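Everything below concerns the one structure shown next.
The values are calculated or read from the model by the stated rules, or taken from the named source; none is laboratory data. Not measured: the values here are computed from a predicted model. With ideal geometry, Cβ positions are generated from the backbone for all residues, glycine too; neighbour counts draw on all protein chains shown. Keep in mind that these areas ignore ligands, DNA and RNA; they rest on the heavy atoms of the full protein, side chains included. Shrake-Rupley method; radii C 1.70, N 1.55, O 1.52, S 1.80 Å.
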Amino acid sequence: MITTKKYMLKFTTNNFQEPISYELVKRFNIVPNIMQAKVNESGGGLILDLRGEATDIEDAKAYMEGLGVLVKELEKHVDRDESRCIHCGACVSVCPAKAFVVNRRTWEVEFKSDLCIACESCLTACSPRAMKMELW
Amino acid sequence: MFTAEEVLDLVEDKGIDAAFEEVDVVTTGTFGAMCSSGAFLNFGHSEPPIRMAEIHLNDVQAYGGLAAVDTYIGATQASRSRPTEYGGAHVIEDLVAGKPIHLEASSPGSDCYPRKEIDTYVSLETVNEAYIYNPRNSYQNYAAASNSSDKTLFTYMGKLLPKNRNITFSSAGQLSPLLNDPHCRTIGVGTHIFLGGGEGYVAWQGTQFNTSPAEKNGVPTGSARNLALIGDMRGMSTEYLRALNIHNYSISLAVGVGIPIPILDKEMMRACSIRDEDIVAPVLDYSVGSSRRPVLAHISYEQFRSGTVELEGKSVRTSSLSSYKKARDIALELKKWIEDKEFLLTEPVRSMPVSSKPKPLQISTKEELE
């Protein structure tokens, strides 16, 4: 069964030069969709979608973990504090992934976290400070 | 009893004349950032007493130029230690939430007020009077914002993406109090209102009260009238009084305001049947750092609220900065209060100005003004 899952990968200085995306495609038949990448003195990280057979994704995970890469599934990498959200809509137009949708019956702003690409644009648009993201 | 939204279907079905026979009161609501807000507090006297000259509440400076233990805390005042995180609006929200607030005050000391320093905790329960007094709230319409420059701007109209890639707007439109009584026929000094989840009154005309913007469909097409509001903090709720951190701009306070409008005659019925499609606001270019910003377009709230509008031939996404959901909640809540006979309407004791236009601040010498 083909699924798409969102992961955060953390690299150390020992493994950050491994051609991981190439291997994901070539060996595991996975379509990686990289949303964020960073490199720093202690290694780096990737935030990406992996699309493929569930068993292939599991095998790919085992391969990456074998290299010492920390693999963390991201279900909710950006979180909305519902007690702070006032459903204004300031986030709606600044989100490139269109993850915020105004329900035109209730006028509530719905957050579709599966569409979120972790760009952090909403964090500085949200004045009640309802949007929170702790990734790295 | 209808909200300003519910009444629209009735007017559409039956027309103004028949609706007028059926409707006694229309309730309105708005919930958005209102920077010109704050609260008066009286702490009571300590033993020995102090005339507080320098006052901080949770590290946010409050005004020390009133009598010994009176103060005013302004919503946008930033705290000393966490200026971008916490400010006067947070103190107000925390007070309303019933949280303890750290009070530090100092004084030179005098014969009648010998104490020079005090460091204690207060709460909404321990203080004497605690009332919101907001000099400028509940704007009648407000200009929308866009940004034609190459970089993202952070303004009091929110985050504006480069090259006019978004537009922000801030009005409850067809639910907004002053858009349903555009010439203040029923709203005046003394009007009993919903304020911050509790009860309040219209205290005065708001600062920069402006009757001059051009009208379309009977309502102003730009930032026009507004109200000074007063109300007891006791009874208010953090649901309708919420601290905001407007990124790279300032702390602010989102205030919930609801005003009942008595349908005195058919003209009031017509005024309260205003729809988002009839209310227009200018889109100003905030990349121009001047108080005279160019107008890029005039767009209706129906279009703003649809999520995308056409600007200079391009499809542009929009964001509301005020909460239409909360505005609706407020109008419904106020309607319920009136239906349950918990809230009585008042007749104003003084009318709002018929003609008023704010003056700009000129840079003048002393001699020029003598």
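Those residues that are aliphatic (A, V, I, L, M) and either outside the structural domain of B:Ala145 (by TED's automatic domain parsing) or under 16 Å from the mean Cα position of the chain (by Cα) (or both), I need them from segment B:321-337; list them, please.
Result: B:Leu321, B:Ala327, B:Ile330, B:Ala331.
Any residue at all in segment A:28-35 that's in a helix (DSSP H, G or I) and hydrophobic (A, V, I, L, M, F, W, C)?
Looking for residues that are in a helix (DSSP H, G or I) and hydrophobic (A, V, I, L, M, F, W, C), one finds at least one in segment A:28-35, hence yes.
State yes or no: is B:Ala297 assigned by TED's automatic domain parsing to the domain that holds B:Glu199, open to solvent by less than 70 Å² (accessible area, probe 1.4 Å) and assigned to a strand (DSSP E or B)?
In short, yes.
One line per residue, one yes/no per condition, for (1) at pLDDT below 95; (2) under 29 Å from B:Ala75 (Cα atoms); (3) hydroxyl-bearing (Ser, Thr, Tyr):
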position	(1), (2), (3)
B:Met269	no, no, no
B:Ser315	no, no, yes
B:Leu321	no, yes, no
B:Arg328	no, yes, no
B:Ile338	no, no, no
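Take the residues in segment B:247-285 that are in a loop (DSSP other than H, G, I, E, B) and within 14 Å of chain A (Cβ to nearest Cβ), then tell me which one is farthest from B:Glu333 (Cα to Cα).
Here the answer is B:Asn248.
Considering segment B:317-345 alone, what residues qualify as being touching a helix residue (DSSP H, G or I) at 6+ places or on another chain (Cβ under 8 Å) and either within 14 Å of another protein chain (Cβ to nearest Cβ) or under 26 Å from A:Arg104 (Cβ atoms) (or both)?
Residues satisfying the conditions are B:Arg317, B:Thr318, B:Ser319, B:Ser320, B:Tyr324, B:Ala327, B:Arg328, B:Ala331.
Would you mind telling me which numbered condition in (1) within 17 Å of B:Arg242 (Cα to Cα); (2) charged (D, E, K, R); (3) open to solvent by 70 Å² or more (accessible area, probe 1.4 Å) B:Glu125 fails?
Result: B:Glu125 passes all but (1).
Any residue in segment A:82-93 that is buried (at least 17 other Cβ atoms within 10 Å of the Cβ), in a strand (DSSP E or B) and in contact with a Leu (Cβ under 9 Å, 6 or more places away or on another chain)?
no
Of all residues in segment B:314-325, count the ones that are part of a helix (DSSP H, G or I) and either farther than 16 Å from B:Gly197 by Cβ or open to solvent by less than 10 Å² (accessible area, probe 1.4 Å) (or both).
So the count comes out to 1.
Within segment B:300-313, can you find the residues that are buried (at least 17 other Cβ atoms within 10 Å of the Cβ) and either in a helix (DSSP H, G or I) or of a type in the set (Phe, Trp, Tyr) (or both)?
Scanning segment B:300-313 gives B:Tyr301, B:Gln303, B:Phe304, B:Arg305.
For segment B:174-190, name all the residues that are in contact with a strand residue (DSSP E or B) (Cβ under 9 Å, 6 or more places away or on another chain) and in a helix (DSSP H, G or I).
Result: B:Leu175, B:Pro177, B:Leu178, B:Leu179, B:Asn180.
Within segment B:304-324, can you find the residues that are under 22 Å from B:Ile274 (Cβ atoms) and touching a residue at least 24 places away in the same chain (Cβ under 8 Å)?
B:Phe304, B:Arg305, B:Val309, B:Thr318, B:Ser320, B:Leu321, B:Ser322, B:Ser323, B:Tyr324 - these are the residues of segment B:304-324 that are under 22 Å from B:Ile274 (Cβ atoms) and touching a residue at least 24 places away in the same chain (Cβ under 8 Å).
Residues are listed down the side, and each one gets a yes or a no for (1) touching a His at 6+ places or on another chain (Cβ under 9 Å); (2) open to solvent by less than 50 Å² (accessible area, probe 1.4 Å); (3) under 21 Å from A:Cys116 (Cβ atoms):
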position: A:Lys6; (1), (2), (3): yes, yes, yes
position: A:Lys10; (1), (2), (3): no, no, yes
position: A:Pro19; (1), (2), (3): no, no, no
position: A:Val25; (1), (2), (3): no, no, no
position: A:Leu48; (1), (2), (3): no, yes, yes
position: A:Arg51; (1), (2), (3): no, no, yes
position: A:Asp59; (1), (2), (3): no, no, no
position: A:Met64; (1), (2), (3): no, yes, no
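Hey, among A:Thr55, A:Thr13, A:Thr4, which residue is of a type in the set (S, T, N, Q), in contact (Cβ under 8 Å) with a residue 40 or more places away in the chain and more than 30 Å from B:Lys325 (Cβ to Cβ)?
A:Thr4
Just to be sure I understand, how many residues within segment A:102-121 are outside any loop (DSSP other than H, G, I, E, B) and more than 9 Å from chain B (Cβ to nearest Cβ)?
Total meeting the criteria: 5.
State the number of residues belonging to segment B:231-246 that are over 12 Å from the mean Cα position of the chain (by Cα) and in a loop (DSSP other than H, G, I, E, B).
Within segment B:231-246, residues that are over 12 Å from the mean Cα position of the chain (by Cα) and in a loop (DSSP other than H, G, I, E, B) number 7.
Which numbered condition trips up A:Thr55, out of (1) more than 15 Å from the chain's Cα centre (by Cα); (2) assigned to a strand (DSSP E or B); (3) away from chain B (no Cβ under 14 Å)?
With (1) more than 15 Å from the chain's Cα centre (by Cα); (2) assigned to a strand (DSSP E or B); (3) away from chain B (no Cβ under 14 Å) applied to A:Thr55, the lone miss is (2).
Look through B:Ser287, B:Ser252, B:Ser223, B:Ser212 and report the one residue that is in the same structural domain as B:Thr28 (by TED's automatic domain parsing), touching a helix residue (DSSP H, G or I) at 6+ places or on another chain (Cβ under 7 Å) and of a type outside the set (A, V, I, L, M).
The conditions single out B:Ser252.
With open to solvent by 10 Å² or more (accessible area, probe 1.4 Å), within 14 Å of chain A (Cβ to nearest Cβ) and touching a residue at least 40 places away in the same chain (Cβ under 8 Å) as the only criterion, which of B:Thr238, B:Thr211, B:Thr152, B:Thr207 stands out?
Residue meeting the stated conditions: B:Thr238.
For the structure I just gave you, tell me whether A:Lys112 is over 13 Å from the mean Cα position of the chain (by Cα), more than 28 Å from B:Glu93 (Cα to Cα), outside the structural domain of A:Asn33 (by TED's automatic domain parsing) and open to solvent by 40 Å² or more (accessible area, probe 1.4 Å).
no
Grab the strands (runs of 3 or more DSSP E) fully contained in segment B:25-78, keeping just those with 1 or more residues being in contact with a helix residue (DSSP H, G or I) (Cβ under 6 Å, 6 or more places away or on another chain), away from every other protein chain (no Cβ under 14 Å) and open to solvent by less than 40 Å² (accessible area, probe 1.4 Å).
Where strands (runs of 3 or more DSSP E) fall fully within segment B:25-78 and carry at least 1 residues being in contact with a helix residue (DSSP H, G or I) (Cβ under 6 Å, 6 or more places away or on another chain), away from every other protein chain (no Cβ under 14 Å) and open to solvent by less than 40 Å² (accessible area, probe 1.4 Å), they are B:25-27, B:38-42, B:54-57, B:60-62, B:70-74.
Out of (1) within 13 Å of chain A (Cβ to nearest Cβ); (2) part of a strand (DSSP E or B), what's the single condition that is false for B:Ala228?
(1)
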